[in-house]
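Below is one structure, written out as structure tokens; the observations come after it.
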Amino acid sequence: MSTRTTTAAVIGGGIAGPVTAAALRLAGIDAHVYEAYPARADGVGGTLALAPNGQAALEIIGAKDALAAIGEPIHRMDMLVASRKRFVIPAVPDQGPLLSLHRADLFRVLSDRAEELGVAFEYGKRLVDVREGPDSVTAVFADGTEATADVLIGADGVHSAVRALIDPANPGPKYTGMLSFESISPFEPDLDPGVMTFAFGKRGYYLYWRLPEGGTRWGVNMPSPKPLSFKEIRQRSNEDWMVRLLDVYGDDAPGGELLRRTPPNTLQASGSLHLMPPVPTWHRGRMALVGDAVHAPSNSSGQGASLAIESAIELARCLRDIPDPSAAFVTYESLRRKRVESIAAAAAKTNSVKAPGRLAQTIMPIIMPLFIKTAMNPEKTIAPIQRHRIPWEASAA
Ligand SMILES: Cc1cc2nc3c(=O)[nH]c(=O)nc-3n(C[C@H](O)[C@H](O)[C@H](O)COP(=O)(O)OP(=O)(O)OC[C@H]3O[C@@H](n4cnc5c(N)ncnc54)[C@H](O)[C@@H]3O)c2cc1C
């Protein structure tokens, strides 16, 4: 296994997949994306915020301008405790704003850019198995078709099939105990657009920000003991879900008002929230994992998509500069594991305070100023995360 990689089969057309494929094309490697869904995901999904490090990584594949056109800057982030105490989260002074994006717009921009660079996409291709040879690897899809390439990259998300094929002993995702819903309310709290508020309500966590065009986008992470599939969520009506949401958030301000004023037919479910515990085996032979398939932090980190993009580009850099794919994957893991696992570990701690009990509700407003000064010192916490840049021009060898 020493010849240079020339072809790659990328499994998954979400965020990591198109970015990996685009970066591989820039590295001179032919990349093909195979996505399980029957069509491009245009027009589906909720919103996510892309951090400065993720934005900078997308600049490498030439997606910066397209990104600016679809993103809405978030200039300030606040924490709201017990509906009354508001704290400004210190920002990193030399970093730009977060960009709030519709997931569907991001998919479109990334897929368009990858196609411009010569990446081919095939839909309705659910990977179910692989066959490994000494010089190639063959993806086997549920529709009975196959595709062979020098390497196979698993960018197939938190429920990754490739992860189990690489090592059946790899862990599966862990449910965080929360379901996610979002929508837009006509109610407008007295705040400028561009301020995102993370609110610790009486019985659950939610966030909201006013939209420049009017209205307020809100999202909830509602405690729920059991994870539910999208099919199970859809078995209940939106009106029924709204009643449950109001039961949890109805007494919060402004959460209750935001929800009460939201037409139930606009409610959007983002599903059960999962994270990935550390994955022991990131690659084997000619196969490797990228994105949520190998390092999905809790959504509290606000870094899932940004880390997926960084890893995608770092993986392509390693395959560009190191001829033997398994050696390239070893370098890739050594460049990424420590960073992604430390960010995931910090976010997991935040998860545990998302549904504070009555005592914590009383204590939080008192200890928060000290907490912000010490544990949330941006130079020690967010700055190393947001300032990270992939040295694309430098050799990874
Ligand atoms: C509610 C919520 C809010 C979030 N908010 C943020 C945020 O604000 N900021 C942030 O940075 N991150 C956020 N994230 C995390 C972010 O969405 C993920 O980290 C990111 O989508 C990971 O990209 P990915 O390409 O690795 O996986 P995915 O986006 O999940 O894409 C995986 C793709 O693989 C396909 N696939 C799956 N199995 C197969 C198969 N067997 N064969 C072929 N294709 C397959 C899937 O259909 C999918 O298209 C949030 C996540 C959630 C759930």
(request) Take the stretch 174-274, drop everything but the C-alpha atoms, weight them equally and run the Debye formula without solvent; then report log10 I(q)/I(0) at 0.12, 0.13, 0.16, 0.20 Å⁻¹ to two decimals. (result) -0.36, -0.42, -0.64, -0.98
(message) Between Arg86, Arg320, Arg113, where does the largest GNM mean-square fluctuation fall for the chain, given springs only between Cα atoms within less than 10 Å?
(response) Arg86
(request) With θ set to phi - 60°, apply the Karplus curve 6.51 cos²θ - 1.76 cosθ + 1.60 along the stretch 183-197 and write out the HN-Hα couplings as whole Hz, x wherever there is a Gly or Pro. (result) 5, 10, 10, x, 5, 10, x, 6, 8, 6, x, x, 9, 9, 10
(message) What Kirkwood Rh does the stretch 213-363 have if only Cα atoms enter the pairwise 1/r average? Answer in Å.
(response) 18.4 Å
(message) Which aspartates and glutamates, if any, have their Cα less than 14 Å from the Cα of Lys125, not counting same-chain residues under 8 positions apart?
(response) Glu35, Asp143, Glu146, Asp156
(request) Have a look at the stretch 289-397 and give its Rg and Dmax from the Cα atoms, expressed in angstrom. (result) 17.6, 58
(message) If the reach is capped at under 18 angstrom between alpha carbons, list the aspartates and glutamates near Lys338, excluding any in the same chain fewer than eight residues apart.
(response) Asp292, Glu310, Glu314
(request) Could you tell me which of the pairs Lys349/Lys380; Lys174/Lys231; Lys174/Lys373; Lys349/Lys373; Lys226/Lys349 are separated by over 22 angstrom between their Cα atoms in the structure shown? (result) Lys174/Lys373
(message) Tell me the Rg and the Dmax, in Å, that the Cα atoms of the chain produce.
(response) 21.2, 63
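Every number here is computed from the coordinates shown, using simple stated rules; none is lab data. The model shown is predicted, which means the values in this text are computed figures rather than measured ones.
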